[in-house]
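Notes for the one structure printed next.
The values are calculated or read from the model by the stated rules, or taken from the named source; none is laboratory data. Values in this document were obtained by computation on a predicted structure and should not be read as measured data. Heads up, the Cβs are rebuilt from the backbone with ideal geometry, glycines too, and the neighbour counts pull from every protein chain shown. Ligands, DNA and RNA are stripped out before the accessible areas are found, and what is left, the full protein with its side chains, is counted by its heavy atoms. Shrake-Rupley method; radii C 1.70, N 1.55, O 1.52, S 1.80 Å.
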Amino acid sequence: MSILLTNKWRFIIPASLGTSLGLYISTRFLSCANYNDTAKALKGFGKWQSFRITKIEQLTPNTKKFTFELTSDRSILGIKPVSFVLANVSRTWGPWNIRPYTPVSRIDDRGNFELIVKHMPGGKVSGQFFRLKANDSVSFMGPMLKYNWKPNTFEEVNLLCGGTGITPMFQLTRHILENPSDRTNVRLFYANKTEDDILLRRELEDLKKKFPDRFLVHYYVEEGPIGSGINRGRILKEDIKGSANSNKAMFFLCGTNGFIDTYAGPKGIFGLQYTVGGILGNLGYKPSQVFRF
Ligand SMILES: Cc1cc2nc3c(=O)[nH]c(=O)nc-3n(C[C@H](O)[C@H](O)[C@H](O)COP(=O)(O)OP(=O)(O)OC[C@H]3O[C@@H](n4cnc5c(N)ncnc54)[C@H](O)[C@@H]3O)c2cc1C
């Protein structure tokens, strides 16, 4: 009898241990892997994913907003603020066919994501984007993290941008304001040629109404008629210097080279950000307080 029991347990113990181990591994790791697979649409460097266009909106004569469908309703794009994605519209391999674009949808939006694309005069990839129709697909790779935002690092962020330079600024602004545990104040200075060129204005105004104590937006327009609440001309030194506590303020900039040079001076060698010049340099801000996208 004792021999029989011993033999029996020799099979039962390893079998149940094996089953438990199998169950543990499948719940601990496989379910997690499955969740990640379905949750994050972008799969990392070198892995191109194709997404279908569900909607195209003409925002201005030379900008369009594209909505792309993710693989499932539960999927998120899988980016951290502030990130961009690489797009290949022609799907012909070669770096000359690939350009970076910055999603303007919320980073945790499920089922779809949005890009705003400006058609550059003679632009290769932006021209390809403008020929696309609903139901066409574009290949994307990413995410590419440009600045790793950490909540409550600064008391205030100042965002200076022109034209489509609004895209990373909007991604960051909405992320900061809609995160209940982030108390950072945001001041946005947004320059355009004409009032009609202002992108995401409705969304910015909605954020202003929702967060009146934490979000200020100043629009600047150079040409054509302007309505109330719009400043004529360029972003001025006097406008950006009035930060509540200059040591706790951070500046992010996105625009043409000329725009960046005017406000912060050019980036250093290899695009490193160890210097600050221009208006912010004159105002005494340190290189650690300035980031050029
Ligand atoms: C990190 C990052 C994020 C970006 N996000 C966006 C975005 O969200 N939306 C968007 O529309 N664009 C964005 N861009 C710009 C985009 O990647 C392309 O450069 C742009 O669409 C032009 O590409 P193209 O192939 O049409 O033009 P190209 O064929 O490469 O160039 C055509 C002409 O346009 C000029 N040109 C190209 N880019 C610029 C520029 N930025 N400013 C002034 N002149 C230029 C070239 O000198 C050339 O004369 C981003 C760029 C970077 C680096």
- Calculate, for segment 156-292, the solvent-accessible area per residue in square angstrom, rolling a 1.4 angstrom probe over the heavy atoms of the protein chains. 46 Å²
- Query: Ranked from highest to lowest mean number of other Cβ atoms within 10 Å per residue, what is the order of the peptides 266-274, 119-127, 227-235?
  - Reply: 119-127, 227-235, 266-274
- Message: Beyond a 18 Å Cα-Cα separation, which of these cross-linked pairs lie in this structure: Lys150/Lys248; Lys237/Lys286; Lys146/Lys208; Lys146/Lys267?
- Response: Lys146/Lys208
- Query: So between Ile56 and Leu132, what do we pick up on full extension, going 0.36 nm a residue minus the alpha carbon distance?
  - Reply: 26.5 nm
- How do the peptides 109-116, 165-172 rank, highest first, by the average count of neighbouring beta carbon atoms within 10 Å per residue? 165-172, 109-116
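So, with a 1.4 angstrom probe, what is the percent of accessible area on segment 156-292 that is carbon and sulfur?
Looking at segment 156-292 in its full context, I get 52 percent from C and S.
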- Message: Net charge around Asn185, counting only other residues with Cβ within less than 15 Å of its Cβ (Lys, Arg = +1; Asp, Glu = -1)?
- Response: +2
- So what J values fall out for segment 170-181 if you push phi through Karplus, 6.51 cos²θ - 1.76 cosθ + 1.60 with θ = phi - 60°, rounded to Hz, Gly and Pro as x? 5, 4, 6, 4, 5, 4, 5, 5, 8, 8, x, 8
- Once amide H atoms are built 1.01 Å from N in the peptide plane, which residues 5 or more positions from Ala41, or in another chain, come under 5 Å H to H? Ile76, Leu77, Gly78
- Task: Please list the non-local residues whose amide H lies under 5 Å from the amide H of Tyr147, H modeled 1.01 Å from N, same-chain partners needing a gap of 5 or more.
- Result: Val82
- Message: Using amide H atoms built in the peptide plane, which far-off residues or other-chain residues are under 5 Å from Thr275 H to H?
- Response: Gly268
